[in-house]
Structure formats: C-alpha cells, structure tokens
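**Student:** Quick one: the structure is below, and I'll ask about it shortly.
The values are calculated or read from the model by the stated rules, or taken from the named source; none is laboratory data. As the structure is a prediction and not an experimental result, all values here were calculated from the model. When we count neighbours, we look across all protein chains shown, and the Cβ atoms used for this are built from the backbone with ideal geometry, even at glycine. For accessibility, only protein heavy atoms count, side chains too; no ligands or nucleic acids. Shrake-Rupley method; radii C 1.70, N 1.55, O 1.52, S 1.80 Å.
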Amino acid sequence: MTDCIFCKIKDKQIPADVVYEDEHMLCFKDIQPSAPVHLLLIPKTHLDSLAHAEAKYEALLGKMMLKVPQIAADAGLTNGFKTQINTGKGGGQEVFHLHIHILGQPAH
Ligand code: 5GP
Ligand code: ZN
C-alpha cells in the first residue's frame, strides 16, 4: 500500500485522464490546470523528487525528457511549451512523486 497519489494514479486506483503511457512513464492531465494544456509526466517508479534522483535513474529521466516534446506535439503544442519541475517544499512541490509539468496553448 502507498499513500502516494501519483502511484495510485499509476496503479489505476484513482482515475486520471491519461494521454500517454509506456512501461516507464505515465502522462495525464493536471486536475487543476493552470494553462489550456497542463499535463503531468511521471515515472512509474516512485521517486520523491528530482533531489532524490540517483545515477541509476539517468536513463529513465533521459527517456522522459525526450518524450516531452512528443507528448506536447500530440497535445497540439506545436508552437512551443513550458516545462516545470518543482522540487522540495521550497520549490513549491506539493506531490512528492517526481513529475514534469508540461504547459502551453495549442497552436491554431
Ligand atoms: P507540484 O506543486 O507538486 O509540482 O504539482 C502537483 C500538481 O498535481 C498540481 O498542479 C495539482 O493540480 C496536481 N494534482 C494534485 N492531485 C492530483 C490528482 O489527484 N489528479 C491529477 N490529475 N492531478 C493532481
Ligand atoms: Zn509515488
């Protein structure tokens, strides 16, 4: 059992609007979007934050980073997008399962 809300989303114990999934990662819509498109990309492995990312996660984090523009393009963000990773309480992190915010306005 886990108290981690994003692990529960990954395990399908809590519903989410999933836009991308593979064996390594899951991407779903933020429940309180702060942009017309606001997605969260998480690793399926629980990692508290970027500050907890050890060298063994190098390949996983690289895969995620390379997937971001593909997910963004699929969401219509072909003019560009913003990414954000909040780390630690001082960095504004509220959910302690590493996630990359992908934000933007779809191109017309
Ligand atoms: P943080 O501040 O930790 O970087 O961002 C956490 C984000 O997770 C927030 O933007 C918040 O709206 C989103 N969030 C929190 N709980 C849920 C949830 O249960 N489902 C979804 N889809 N997003 C959530
Ligand atoms: Zn988790």
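**Student:** Among the numbered criteria (1) out of contact with any strand residue (DSSP E or B) (no Cβ under 8 Å at 6 or more places or on another chain); (2) open to solvent by less than 60 Å² (accessible area, probe 1.4 Å); (3) hydroxyl-bearing (Ser, Thr, Tyr), which one does Tyr20 miss?
**Tutor:** (1)
**Student:** Among the residues of the stretch 58-71, is any open to solvent by 90 Å² or more (accessible area, probe 1.4 Å) and within 12 Å of the chain's Cα centre (by Cα)?
**Tutor:** The answer is yes, given that some residue of the stretch 58-71 is open to solvent by 90 Å² or more (accessible area, probe 1.4 Å) and within 12 Å of the chain's Cα centre (by Cα).
**Student:** Only residues in the stretch 27-38 that are within 16 Å of Asp74 (Cβ to Cβ) count as the first member; pair them with residues that are of a type in the set (Phe, Trp, Tyr) and more than 10 Å from ligand 1 (Cβ to nearest atom), Cβ under 8 angstrom, at least 6 apart or cross-chain, and list the lot.
**Tutor:** Cys27/Tyr20; Val37/Phe81
**Student:** Name the single residue that is farthest from Pro106 (Cα to Cα) among those in the stretch 23-42 being more than 11 Å from ligand 1 (Cβ to nearest atom) and open to solvent by 80 Å² or more (accessible area, probe 1.4 Å).
**Tutor:** Glu23
**Student:** Can I ask one more? Residue check, Lys12 against (1) of a type in the set (Lys, Arg); (2) surrounded by 13 or more Cβ atoms within 10 Å (Cβ to Cβ); (3) over 18 Å from Asn86 (Cβ atoms), all met but one. Which one?
**Tutor:** So Lys12 meets the others, but not (2).
**Student:** Where the second residue is hydroxyl-bearing (Ser, Thr, Tyr) and the first is closer than 20 Å to His38 by Cβ and lies in the stretch 2-25, which pairs have Cβ atoms under 6 Å and are six or more apart or on separate chains?
**Tutor:** No pair meets every condition.
**Student:** Hey, could you check the stretch 91-106 for residues that are under 9 Å from the mean Cα position of the chain (by Cα) and among the aliphatic types (A, V, I, L, M) and say which is surrounded by the fewest Cβ atoms within 10 Å (Cβ to Cβ)?
**Tutor:** Ile100
**Student:** Still on this structure, I have one more. Any residue that is outside any loop (DSSP other than H, G, I, E, B), of a type in the set (A, V, I, L, M) and under 11 Å from the mean Cα position of the chain (by Cα) - is there at least one of those in the stretch 21-30?
**Tutor:** yes
**Student:** Oh, and also: Identify all residues within the stretch 72-103 that are of a type in the set (Val, Ile, Thr), within 15 Å of Pro36 (Cβ to Cβ) and not in a strand (DSSP E or B); write none if there are none.
**Tutor:** Across the stretch 72-103, the qualifying residue is only Thr78.
**Student:** Follow-up question, since we're still on this one. Would you mind stating whether Thr45 is within 11 Å of ligand 2 (Cβ to nearest atom), over 20 Å from Thr87 (Cα atoms) and open to solvent by 40 Å² or more (accessible area, probe 1.4 Å)?
**Tutor:** no
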